[in-house]
Ligand SMILES: [Zn+2]
């Protein structure tokens, strides 16, 4: 890595190889609007494939639908008898409303020592770190410790139907021999009262995207109508949206909060789980949501004219459930919805939880500590989801490990899908070095 940090800070030239790749990828708009609507990932996939080919690898491109391209390549490791590690990223990004940003979200601007743009955090940063780690290893004549399956998926931001799920269902042979996977939304540092702690993601909540459909009696807006679909639906939405779900700790969140309590000097017997999560500062935006189920209404659709009562009304609820609580939560949602409301499951995906122990976890901790010796490393549960859900169908254990050392005052978790998404250039270098280390030693 050749980083002229003063020039990079000034934004004039001499970006590192990792930052250059991340910037190039940000400049390729891969906006995913959801429900199958997308700018598409083909241009980004071809860019990534060219990088892999230049390393002497043989990437394969897969189109699940026109424009929806994923890339997979195998890398031979020093010890082929070990289970292969899937190292994956996604190529798509969520939409960006340019008017809300202080920079062009697809220009890949460099200023204030950071790379700005949609995908800088989620997750063209890690895509670049993967590519540059591999390049560093292979161009110096070395090999990763074990076989790698390098995958860049389409469509993660809409649940992976056209990306990870498609490849897992149609081309499972691509992942033959793989036992574990690493990818996004983990391995970044948070600040705990002046101490740096890295959060490795070992669990993901389950997701249930449900639609509530109310039917009633249509009629004139001036009439008395006790069977108004919108009234019924809005009451159900209000009950579900304001439901306070109980805190349930899993082995992951318990271990996380024990670690947070130890670092912050709290007695876990004397402080509630919620207060401990809040004490993590900006990271609490992620961590608080991992302690309980959430049911957020997100879309409400009804009616077509001011003086006409429609006969149906629909609402979408984004339900994120602790692993294993899906059936109980769905039963409670049915109760809360009440009579006259039909519930349709639009999209469902599994929750995941794995132990914060074993050779891969040890190797992730060791590689972080080699580059940041005094830091703590803790497990956490992601309230959202990643392509690890799809890989779990093949029995592959997934972790969030996109290592980034971040400044204490950066509200990093708000940058995921946020305005002015940006990543410190120094964090990209830290991540590339740490990831390289992991791939060489694990
Ligand atoms: Zn992502």
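Read-outs throughout are calculated quantities, based only on the coordinates presented, and are distinct from any laboratory measurement. Because the structure is predicted, anything quoted here is derived from the model rather than measured. Note that we place each Cβ from the backbone using ideal geometry, even for glycine, and neighbour counts take in every protein chain shown.
Using the alpha-carbon centroid of each, what span in Å lies between segment 235-293 and segment 379-405? Centre-to-centre distance over Cα atoms comes out at 20 Å. Averaging 1/r across all pairs of distinct Cα atoms in segment 204-349 and inverting the result yields a Kirkwood radius of 17.2 Å.
Computed per residue of the chain from DSSP H runs no shorter than four, each worth -39500 (n - 2.57), the mean residue ellipticity at 222 nm is -9500 deg cm²/dmol. Computed packing ranks the peptides 306-316, 148-158 as 148-158, 306-316, most packed first, by mean other Cβ atoms within 10 Å. Of all DSSP-defined beta bridges confined to the chain, some 70% are antiparallel rather than parallel.
How high is the relative contact order of the chain, in percent, counting Cα pairs under 8 Å that sit 6 or more residues apart?
For the chain, the relative contact order is 23 percent.
Spin-label model, residue 211/residue 350: points 7 Å from Cα along the beta carbon direction are separated by 2.6 nm.
Among 414, 70, 140, the order by Cβ neighbours within 10 angstrom, fewest to most, reads 140, 414, 70.
The C-alpha atoms of the chain define a longest principal axis, and helix 124-139 lies at about 20 degrees to it. Between 0 and 90 degrees, the angle of helix 359-371 with respect to the longest Cα principal axis of the chain falls at about 70 degrees. When restricted to Cα atoms, segment 37-153 yields an Rg and a Dmax of 15.9, 52 Å, respectively. The listed peptides 342-349, 120-127, ordered by packing as a protection proxy, come out as 120-127, 342-349 (highest mean of other Cβ atoms within 10 Å first).
Peptides 56-64, 376-384, 39-47, 240-248 ordered by packing proxy, namely the average of other Cβ atoms within 10 Å per residue, highest first: 376-384, 39-47, 56-64, 240-248. All C-alpha pair distances within the chain, sorted into 10 Å bins from zero, spread as 4, 20, 30, 25, 13, 5, 2, 0 percent across the bins. The C-alpha atoms of the chain define a longest principal axis, and helix 17-27 lies at about 30 degrees to it.
Summary of the geometry: segment 52-94 and segment 298-367, compared by the centres of their Cα atoms, lie 31 Å apart. Counted over segment 1-130, the DSSP beta bridges are approximately 90% antiparallel.
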